[in-house]
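S.K.: Please find one structure pasted underneath; my questions will follow.
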Amino acid sequence: MQQDLSCLTVRITPEGEHMSASPNLTLLQCLEQQGVQWPTSCRSGTCRTCTGQLLSGQVRYDMAWPGLSAEEKADGFILPCVAFPVTDLVLKDPFSD
Ligand code: FES
């Protein structure tokens, strides 16, 4: 069942497409509901397959600490499968490198 995605926006660079997001869904759920391809595996914040990089914005985690180092967090890396959007986000396209 799809939920309302109307509160926040996510933009994936470099294409710049704007999508909707909800603070009540993980970022991965928001992306998948709108047909965005994103690498995933465990969907529980441990395998790091879904690692992405925030260029702006903030997310929160319900788990004590997802599998990211302090340095990665400082560089904007996030785990979309367990990250909930808090603000509008700009994400680096994981397939752009
Ligand atoms: S899919 Fe495994 S950490 Fe996100």
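S.K.: Could you list, ordered by first residue, the pairs with Cβ atoms under 7 Å in which the first is in region 12-28 and within 16 Å of L79 (Cβ to Cβ) and within 16 Å of the ligand (Cβ to nearest atom) and the second is assigned to a loop (DSSP other than H, G, I, E, B) and not hydrophobic (A, V, I, L, M, F, W, C), at least 6 apart or interchain?
M.R.: Matching pairs, first to second residue: L25/Q3; T26/P80; L27/P80; L28/T40; L28/P80.
S.K.: While we're here: Would you please list the contacts, defined by Cβ atoms under 6 Å and residues six or more apart or on different chains, that run from a residue in region 38-55 that is among the basic types (K, R) to a residue that is modelled with pLDDT under 95?
M.R.: Pairs that qualify, where the first residue is among the basic types (K, R) and the partner is modelled with pLDDT under 95, are R48/G67.
S.K.: Oh, and also: Any chance region 61-82 includes a residue that's of a type in the set (V, I, T) and outside any loop (DSSP other than H, G, I, E, B)? Let's see the steps before the verdict.
M.R.: Taking region 61-82 and keeping what is of a type in the set (V, I, T), we get 78, 82.
Checking which are outside any loop (DSSP other than H, G, I, E, B) leaves us with 78.
Scanning region 61-82 turns up at least one residue that is of a type in the set (V, I, T) and outside any loop (DSSP other than H, G, I, E, B).
S.K.: So which of G52, G35 ends up being away from the ligand (no atom under 16 Å from the Cβ) and closer than 14 Å to V10 by Cβ? Can you show your working first?
M.R.: Working: G52 fails: away from the ligand (no atom under 16 Å from the Cβ).
One residue alone meets the criteria, G35.
The values are calculated or read from the model by the stated rules, or taken from the named source; none is laboratory data. Values in this document were obtained by computation on a predicted structure and should not be read as measured data. A quick note on method: Cβ atoms are made from the backbone with ideal geometry, for glycine too, and the neighbour counts reach across all protein chains shown.
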